[in-house]
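The values are calculated or read from the model by the stated rules, or taken from the named source; none is laboratory data. Note that the structure is predicted; figures quoted are calculated from it, not measured. Cβ coordinates were reconstructed from backbone atoms using ideal geometry, including for glycine residues, and neighbour counts include every protein chain displayed. Surface areas here come from the heavy atoms of the whole protein model, side chains and all, with no ligands, DNA or RNA. Shrake-Rupley method; radii C 1.70, N 1.55, O 1.52, S 1.80 Å.
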Amino acid sequence: MTEPVVRAVVLNWNGGELLVRAVQALSQTDWPAERLQVVVVDNDSSDGSELAVEREFPAVEVRRTGANLGFPGNNRALQDLDGVDYVALINNDAFVDPGWLRPLVTALEADPRLGAASPKMVFAPRFCAIEIEAPTFSPGGRDTRELSMQVSGVEVDGIERWRHAWFGPGCHLAELRDGGAFRWLSGRATIGVPLLDGAVPPVSCRVRLAAPAPVEARIRVADCVAIVSVGTEPEWVELKVTGTPFDVVQNAGSVLLEGGYGADRGFLQRDEGQLDQPAEVWAWCGGAVLLRSSYL
C-alpha cells in the first residue's frame, strides 16, 4: 500500500540553531522520503537560519515571504496542495520523534470526518524529581496558604536552569522581589530538575532556599534522604540528582476554559501516560498538528 503524501511546514523567523535541529528531526521521520515534503516558510529572518537549512538540507524547500507575516505566513505553503493528502504544521522549536507521523495519519485515515489530529507535545528537557518537606506556617489575613520556605534558584552542573525547572505539586506561583523571582513551597513540594541535553542521572544540582525562620528541611532524591538546615538568607543546597527521568506535557490538544479562553490540554502535568489514549479535543495547537488537505 502506498503511503499518503504529507507536507511538513515549518514556519521560521530567526530560529537559529533551533530551526536546524527541527529540520534535522523531520529528516529522520519514519516515512518514505518520496512521500514526505518538508517546506520551511521564512518570515524574513535576519539571522541566516534559512540559509543554514538550504546548505545542510538541499532536499528541503525554503519559501521566503519577504516580511514577517506572523503565523499566517504558513499560508505560503498551504495553497498548492494538489497531490498532497495531509499537511503538518511544526514549530521551529519543536523536535519530532522518528515515529511521530504514522499514528496521526492512522487516526485521520480511520475516520474521514476528522479534519485534524494533534500529537502529545512535551517540553524539551527531561526532569528528575526532588521532594522537599519542611514545617509550615500560615501568613494570616487573606493569605490562607500553608507555607514552608522559598526557592529562588536552580542550577544543573553549574548552569542556571531556573527558567526551565518544573514546579510541581506543592509549589506556588512565582512572585517577584528586589532580588528576583521566587516561589513559596508548601509543607511538601516536588521540583523537577531539568536535565541538560543528553545528560543522564546522576547529575550535580543546586537549589537556593530560604525560610522566614531557620528550619530543618527533608530533601528526598529517589531513595536518598538528606536533612538540611535552611536559614533566613537564600543559600545554595548541593544535591546529587538521581532517579528515572520523566517528561512534562506542554500540549495534548487544546481546551476551552470558562470565559472563552483557550488553553493547552495537560499543560505542566507530569507525563505518566494519562493522555496517551485518543480523545476528541476542542481545538488543535499550531505547534504540531496534522491537517487533512480537504479540511484546509
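Keeping to region 180-212, report how many residues are open to solvent by less than 50 Å² (accessible area, probe 1.4 Å) and assigned to a loop (DSSP other than H, G, I, E, B).
Counting residues in region 180-212 that are open to solvent by less than 50 Å² (accessible area, probe 1.4 Å) and assigned to a loop (DSSP other than H, G, I, E, B) gives 7.
Could you list, in sequence order, all residues of region 68-96 that are open to solvent by 40 Å² or more (accessible area, probe 1.4 Å), touching a residue at least 12 places away in the same chain (Cβ under 8 Å) and part of a loop (DSSP other than H, G, I, E, B)? Write out each step before concluding.
Pass one, region 68-96, residues open to solvent by 40 Å² or more (accessible area, probe 1.4 Å): 68-69, 71-72, 75-76, 79-80, 82-83, 85, 91, 93, 95.
From what's left, touching a residue at least 12 places away in the same chain (Cβ under 8 Å): 68-69, 71, 76, 83, 85, 91, 93, 95.
The answer is N68, L69, G83, D85, D93, F95.
Within region 1-21, how many residues are in contact with a strand residue (DSSP E or B) (Cβ under 6 Å, 6 or more places away or on another chain), open to solvent by less than 20 Å² (accessible area, probe 1.4 Å) and under 20 Å from T65 (Cα atoms)?
The number of residues fulfilling the criteria is 6.
Among the residues of region 221-238, is there at least one that is β-branched (V, I, T) and under 25 Å from I90 (Cα atoms)?
Pass one, region 221-238, residues β-branched (V, I, T): 221, 225, 227-228, 230, 232, 237.
Right, trim to under 25 Å from I90 (Cα atoms) and you get none.
Within region 221-238, none of the residues are β-branched (V, I, T) and under 25 Å from I90 (Cα atoms).
P169 passes all but one of (1) open to solvent by 60 Å² or more (accessible area, probe 1.4 Å); (2) more than 18 Å from D247 (Cα to Cα); (3) free of Cβ contacts under 8 Å to residues at least 40 places away in the same chain; which number fails?
In the conditions (1) open to solvent by 60 Å² or more (accessible area, probe 1.4 Å); (2) more than 18 Å from D247 (Cα to Cα); (3) free of Cβ contacts under 8 Å to residues at least 40 places away in the same chain, P169 misses (2) alone.
Residues checked against (1) touching a Gly at 6+ places or on another chain (Cβ under 7 Å); (2) small (G, A, S):
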{"site": "Q28", "(1), (2)": "no, no"}
{"site": "W31", "(1), (2)": "no, no"}
{"site": "V39", "(1), (2)": "no, no"}
{"site": "N43", "(1), (2)": "yes, no"}
{"site": "R55", "(1), (2)": "no, no"}
{"site": "R64", "(1), (2)": "no, no"}
{"site": "G70", "(1), (2)": "no, yes"}
{"site": "N74", "(1), (2)": "no, no"}
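Suppose we filter region 240-279 for residues that are outside any loop (DSSP other than H, G, I, E, B), open to solvent by 40 Å² or more (accessible area, probe 1.4 Å) and free of Cβ contacts under 8 Å to residues at least 60 places away in the same chain; how many remain? Give the steps one after another, and end with the answer.
Keep residues of region 240-279 that are outside any loop (DSSP other than H, G, I, E, B), which gives 240-241, 246, 248-251, 254-256, 262-264, 270.
After this cut, where a residue has to be open to solvent by 40 Å² or more (accessible area, probe 1.4 Å) as well, the list is 240, 250, 255-256, 262, 264, 270.
Subsequent filtering for residues that are free of Cβ contacts under 8 Å to residues at least 60 places away in the same chain retains 240, 255-256, 262, 264.
Of the residues in region 240-279, 5 are outside any loop (DSSP other than H, G, I, E, B), open to solvent by 40 Å² or more (accessible area, probe 1.4 Å) and free of Cβ contacts under 8 Å to residues at least 60 places away in the same chain.
Report whether or not E155 is of a type in the set (D, E, K, R), in a strand (DSSP E or B), touching a Phe, Trp or Tyr at 6+ places or on another chain (Cβ under 9 Å) and open to solvent by 50 Å² or more (accessible area, probe 1.4 Å). So that I can check it myself, show each step before the final result.
On the way: of a type in the set (D, E, K, R): yes; in a strand (DSSP E or B): yes; touching a Phe, Trp or Tyr at 6+ places or on another chain (Cβ under 9 Å): yes; open to solvent by 50 Å² or more (accessible area, probe 1.4 Å): no.
So E155 does not fit the description; no.
For region 25-42, what are the residues that are surrounded by fewer than 21 Cβ atoms within 10 Å (Cβ to Cβ), of a type outside the set (A, V, I, L, M) and touching a helix residue (DSSP H, G or I) at 6+ places or on another chain (Cβ under 8 Å)? Give the steps one after another, and end with the answer.
Of all residues in region 25-42, those surrounded by fewer than 21 Cβ atoms within 10 Å (Cβ to Cβ) come to 25, 27-37, 39.
Okay, now just the ones that are also of a type outside the set (A, V, I, L, M), so 27-32, 34-35, 37.
Those that are surrounded by fewer than 21 Cβ atoms within 10 Å (Cβ to Cβ), of a type outside the set (A, V, I, L, M) and touching a helix residue (DSSP H, G or I) at 6+ places or on another chain (Cβ under 8 Å): T29, D30, W31.
Could you figure out which of (1) farther than 15 Å from P4 by Cα; (2) at pLDDT 95 or above isn't true of Q37?
Of (1) farther than 15 Å from P4 by Cα; (2) at pLDDT 95 or above, only one is false for Q37: (1).
What number of residues within region 126-150 satisfy the criterion of being open to solvent by 20 Å² or more (accessible area, probe 1.4 Å), in contact with a strand residue (DSSP E or B) (Cβ under 6 Å, 6 or more places away or on another chain) and within 19 Å of P201 (Cα to Cα)?
2
Out of G198, G259, report the one residue that is within 28 Å of N12 (Cα to Cα) and at pLDDT below 95.
Details: G259 fails: within 28 Å of N12 (Cα to Cα).
Answer to the selection: G198.
Which of the residues that make up region 213-232 are closer than 21 Å to A165 by Cβ and part of a loop (DSSP other than H, G, I, E, B)?
A222
So the check is Cβ under 8 Å with 6+ separation or different chains; which pairs have a first residue in region 41-59 that's in a loop (DSSP other than H, G, I, E, B) and a second one that's of a type in the set (K, R)?
D44/R64
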